[in-house]
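Student: Starting off with a structure, shown below.
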Amino acid sequence: MKKPQKTKPDGQSETSEKPANKPANKKISKGQKTRQQLIEVAASLFQKQGFHATGIFDIAEAGNLPKGSIYYHFPGGKEEIGAAAVAFAGAQIAEALEELAGKAKDPADFVTKAASLLGDVLVESDFQGGCPVCLVALEVAGKVEPIRQSALEAYARWQMIIEKRLCLFGVEKKKAAAQAELAIAAIEGALILSQVQRSPAPLRRLARQLTLFLA
């Protein structure tokens, strides 16, 4: 089971030991690599210390890049890179959910595995790495439209993944949509409780409750 990819301070991925082989016509330019590196570093810093507490210089320094590179790739500054970082983090979680959905035996198995995954990520970050989408959205989504839009799209994608899987398990579409929305809201709340309590127990208890709810 693949966990959402985390980023080291130097911007290098922790989850991939070797770069994936890419077709010759799919080569990524140096500029694209730098842009992606900035997004991954920003996402990691926002997740650990929050949007407001992270400055442009922090992102450049953590990525071992000149400060000007951020404004070159993101003329809109921190708000623009914030929206890109939320989209990146949302896509990582969506990938993990897709993988779990494909392996789940039933709704109970699905939510149990999802809660376990998030709990493991939280423990490995020493309870500093909560949901990267939720953390940034709570800080600035009401004030920064591009970030709000990125968060909206991330949550909609997660909900659709869960909804589709529930439908495949035989749940009626309207009911599946409602259950998927509730599951996301509950998991986000349990993540915060787990951070505050410095324990994955709230996530695990929620998984048991959702198992009963989805039965």
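Student: Of the candidates S199, S29, S125, which one comes out as most mobile in a Gaussian network treatment of the chain with C-alpha springs shorter than 10 Å?
Tutor: Residue with maximal mean-square fluctuation among S199, S29, S125: S29.
Student: Just the C-alpha atoms of the stretch 151-202: what Rg/Rh do they give, with Rh taken as the Kirkwood radius?
Tutor: Using Cα coordinates only, the ratio equals 1.09.
Student: Can you tell me what the convex hull of the Cα atoms of the chain projects to on average, as an area in nm²?
Tutor: Its Cα hull, projected and averaged over all orientations, spans 12.6 nm².
Student: Ordering D126, D120 by accessible area with a probe of 1.4 Å, largest first, what comes out?
Tutor: D126, D120
Student: Further, regarding this structure: What ratio of Cα Rg to 2.2 N^0.38 Å holds for the stretch 79-123?
Tutor: 1.37
Student: I would also like to ask the following. With springs only between Cα atoms under 10 Å, which of V41, V133, V144 fluctuates most in a Gaussian network model of the chain?
Tutor: It is V144.
Student: Going by a 4.7 Å Cβ-Cβ cut-off, which cysteines of the chain have no partner at all?
Tutor: C167
Student: Using a 1.4 Å probe and counting only protein heavy atoms, arrange Y155, Y71 so the residue with the most accessible area comes first.
Tutor: Y71, Y155
Student: Points 7 angstrom from Cα along the Cβ direction at A91 and C167: gap in nanometres?
Tutor: With each label point 7 Å from Cα toward Cβ, the separation is 2.4 nm.
Student: Restricting the calculation to Cα positions, tell me the Rg (one decimal) and the Dmax (whole number) of the stretch 93-207 in Å.
Tutor: 14.1, 41
Student: Among the listed pairs K48/K113; K113/K174; K113/K173; K143/K174, which are separated by more than 27 Å between their Cα atoms?
Tutor: K143/K174
Student: Could I ask something else about it? Consider a paramagnetic label point 7 Å from the Cα of I192 along Cα→Cβ; state which residues of the stretch 90-132 have an amide N under 12 Å from it.
Tutor: Correct set: 131.
Student: Write down the accessible area per residue of the stretch 101-160 in Å², having rolled a 1.4 Å probe over the full set of protein chains.
Tutor: So the stretch 101-160 comes to 46 Å² accessible per residue, rounded to a whole number.
Student: What ranking of T34, T112 comes out by heavy-atom accessible area, probe 1.4 Å, highest first?
Tutor: Correct descending sequence by accessible area is T112, T34.
Student: A further question follows. What is the diffusion coefficient of the stretch 172-215 in µm²/s, taking the Kirkwood radius over Cα pairs and the Stokes-Einstein relation at 10 °C with a viscosity of 1.306 mPa s?
Tutor: 146
Student: Ignoring the sites themselves, what is the longest stretch of the chain with no GluC sites (Glu not before Pro) in a DSSP loop and at most 13 other beta-carbon atoms within 10 Å?
Tutor: 18-171
Student: Quick check: at a probe of 1.4 Å, how many percent of the accessible area of the chain sits on carbon and sulfur atoms?
Tutor: 56
The values are calculated or read from the model by the stated rules, or taken from the named source; none is laboratory data. These figures come from a predicted structure and were not determined experimentally. Cβ atoms come from the backbone with ideal geometry, glycine included; neighbour counts cover every protein chain shown. Keep in mind that these areas ignore ligands, DNA and RNA; they rest on the heavy atoms of the full protein, side chains included. Shrake-Rupley method; radii C 1.70, N 1.55, O 1.52, S 1.80 Å.
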